[in-house]
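Participant: My questions will all concern the structure given below.
Readers should treat all values here as calculations from the given coordinates under stated rules, not as data from a laboratory. These figures come from a predicted structure and were not determined experimentally. Here the Cβ positions follow ideal geometry from the backbone for every residue, glycine too, while neighbour counts run over all protein chains shown.
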Amino acid sequence: LAWNQAFDAIGYEGAIEARQATPEQSADNLATGRASIRWMTNAQAQFGAIGPSHVDPRSGEILDADIAIESLTVRGMRQLRSQFMLDDGGDESSTAEAHHEAGVCDHGVHAAEQLGTWLSLAEADRPIDPDSPEVQAFVLAYLKDVVMHEVGHALGLRHNFRASQWRSPAQLQDRELTTREGNSASVMDYAAVNLPPPGKTGGAPFQTTLGPYDFWAIEYGYGDLPESPAEAQRKLRDIARRSADPTWARALAYGSDEDEALGIDPQALTFDLGDDPIAFARNRFALAQDLIDRTSQRTPTPLDDVDRPRRALAHA
């Protein structure tokens, strides 16, 4: 429903509705004209979250979209490892060709890994109750980020890997600003979890609201156009030209899978955050060292699982 903010801005109030199915209802997920979000439980975590759709090639009209959220994603990542600075290790599945041809979206998997990073930091020197309000709020923010991203795909938006460079390091530590307006210019980026420096409080950890790029893309794709083809083209050009306006250039910067693949565009990156990559890297190194120090000083308790120290130090 967060996407309704963008539709409200172009005059379509309540464009998206969400209805909870009941066991008594029969829902055909293969039917066109019906979008669904399914919570899936597989024997092993496979994809995290995906947002595939079927499109009429003649018109571009989206006929059907079925988002799937995998229930084991978070558990699978906690059993493996997390990283403060993500490295795909040259996996071919991360290339633009794989993303484009197979419709791959790895956001859910990698966002779960970012979730695991925060959990390891939170429990480094104290037991942490998985049912505590702190953990529940964090997990719900992660799930909202993932669902918003996949719904964006269902609406026709592609990845935007430049959007995460919108904020300054100081802005990212502003809780009110990042909660209200987001950490990134778009929820369609793969943004790193927003972690404050050791010993400090910071901004919102995940993207739980739309960014300016998302409003812009929805206006271009769904806004009403004049009946005259010439006037319609003129209006679309005017919308598109905002990206060249210095006032909007940073907020509307765009780079998708082709730009990110193999480092072709150094500004189209996954799991970076902020407009100063050196400051981001320094903060990540400081967090990793802090995790090592606190883990080594912690006295185990009966509440600890045997994997906790190994898991924490493996990703530090």
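Participant: Looking only at Cα atoms, what is the convex hull volume of segment 166-316 per residue, in Å³?
Facilitator: Taking the convex hull of the Cα positions in segment 166-316, it is 158 Å³ per residue.
Participant: Next question, about the same structure. Please work out how much length the chain gains when fully extended from ASN4 to GLU227, using 0.36 nm per residue of separation minus the C-alpha to C-alpha distance, in nm with one decimal.
Facilitator: Here the answer is 77.8 nm.
Participant: How large is the translational diffusion coefficient of segment 250-307 in µm² per second when you combine the Kirkwood radius over alpha carbon pairs with Stokes-Einstein at 37 °C and 0.692 mPa s?
Facilitator: 222 µm²/s
Participant: A further question on this structure: Could you list the trypsin sites (Lys or Arg not before Pro) in segment 3-51 that lie in coil according to DSSP, counting only those with at most 10 other Cβ atoms within 10 Å of their Cβ?
Facilitator: Sites meeting the loop and neighbour criteria: ARG19.
Participant: Need one number for segment 12-54: average projected area of the convex hull over its C-alpha atoms, nm².
Facilitator: Average of the hull's projected areas for segment 12-54 equals 4.7 nm².
Participant: Something else now. Out of the trypsin sites (Lys or Arg not before Pro) in segment 136-236, which ones are loop residues according to DSSP with at most 15 other C-beta atoms within 10 Å?
Facilitator: LYS200
Participant: Report the full-extension gain for the segment ARG282 to ILE264: residue separation times 0.36 nm, less the Cα-Cα distance, to one decimal in nm.
Facilitator: Computed gain between ARG282 and ILE264 is 4.1 nm.
Participant: Could you work out how far apart the two model spin labels at ASP28 and ASP245 are, taking each label as a point 7 Å from the Cα in the direction of the beta carbon, and quote it in nm?
Facilitator: 4.6 nm
Participant: Rounded, prolate or oblate: which fits segment 142-195, taking a ≥ b ≥ c as square roots of the Cα gyration tensor eigenvalues, rounded meaning a/c under 1.5, else prolate when a/b beats b/c?
Facilitator: In terms of gyration-tensor shape, prolate.
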